[in-house]
1. Does Ser140 count as crowded, with 20+ Cβ neighbours inside 10 Å, in contact (Cβ under 8 Å) with a residue 12 or more places away in the chain and under 14 Å from Cys47 (Cα atoms)?
2. Filter region 134-173 down to residues that are part of a loop (DSSP other than H, G, I, E, B) and either at pLDDT below 90 or touching a Lys or Arg at 6+ places or on another chain (Cβ under 8 Å) (or both) and give me whichever is farthest from Thr97 (Cα to Cα).
3. Working only within region 33-85, note down all residues that are touching a Lys or Arg at 6+ places or on another chain (Cβ under 7 Å) and either more than 14 Å from Ser109 (Cβ to Cβ) or among the basic types (Lys, Arg) (or both).
4. Looking at Leu103 and the list (1) open to solvent by less than 50 Å² (accessible area, probe 1.4 Å); (2) under 11 Å from the mean Cα position of the chain (by Cα), which single condition is not satisfied?
5. Is region 32-47 home to any residue that is of a type in the set (Gly, Ala, Ser) and modelled with pLDDT of 85 or more?
6. Please specify each residue of region 59-102 satisfying the condition of being in a helix (DSSP H, G or I) and of a type in the set (Phe, Trp, Tyr).
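The values are calculated or read from the model by the stated rules, or taken from the named source; none is laboratory data. Predicted, not measured: the structure shown is a model, and the values here were computed from it. Here the Cβ positions follow ideal geometry from the backbone for every residue, glycine too, while neighbour counts run over all protein chains shown. Please note that ligands, DNA and RNA were not included when accessible areas were found on the heavy atoms of the full protein model with its side chains. Shrake-Rupley method; radii C 1.70, N 1.55, O 1.52, S 1.80 Å.
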Amino acid sequence: MEHSANHTAAAHDHAAHQAHAGHGGPQMGGVTWGAAPKATLHCLTGCAIGEILGMMVGTALMWGNVPTMVLAIVLAFVFGYSFTLFAVRKAGLDFKTAIKVALAADTASIAVMELVDNGIIALVPGAMDAQLSDTLFWTSLLGSLVIAFLLTTPVNKWMIGRGKGHAVVHAYH
């Protein structure tokens, strides 16, 4: 009787988890493409805020290309991790555990996004020397974020399918 009750509870929990299909939970092998863009958009939001802020500050202070890019990358990681950190803290995790979850959930996604984004900006002729008032500054920055989103989405799909990345955060929603 006790085994039967436990089996029924386990089946119920599994059914409840499946109701979140497409949200990004660890759905080994059956990950839909709907989960990956959501996870990537979550990452992109934090990355974009940090990246844009870093590029704006570095450009406004007339820093060189390397310090500006370093600031943008650091801020992209800070803001990217912060979004996840605040969400899992709100769900009740202690600070140390929340940091571990944010690092596990977002590191690869942010790293790929930043590599693509900054690589494109570095390769666009004149983009690193453009000023805040230049159309080239904004089009290269925003265009690189769009391309980074498109290239990071399959990475997130692959990670979610293996129970990693945003799938780690799903347990705390």
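1. Here the answer is no, as Ser140 does not meet what is asked.
2. Residue satisfying both the conditions and the ranking: Arg162.
3. Trp33
4. Going through the list (1) open to solvent by less than 50 Å² (accessible area, probe 1.4 Å); (2) under 11 Å from the mean Cα position of the chain (by Cα), Leu103 breaks only (1).
5. Yes, region 32-47 contains at least one residue that is of a type in the set (Gly, Ala, Ser) and modelled with pLDDT of 85 or more.
6. Phe77, Phe79, Tyr81, Phe83, Phe86, Phe95, listed by residue number.
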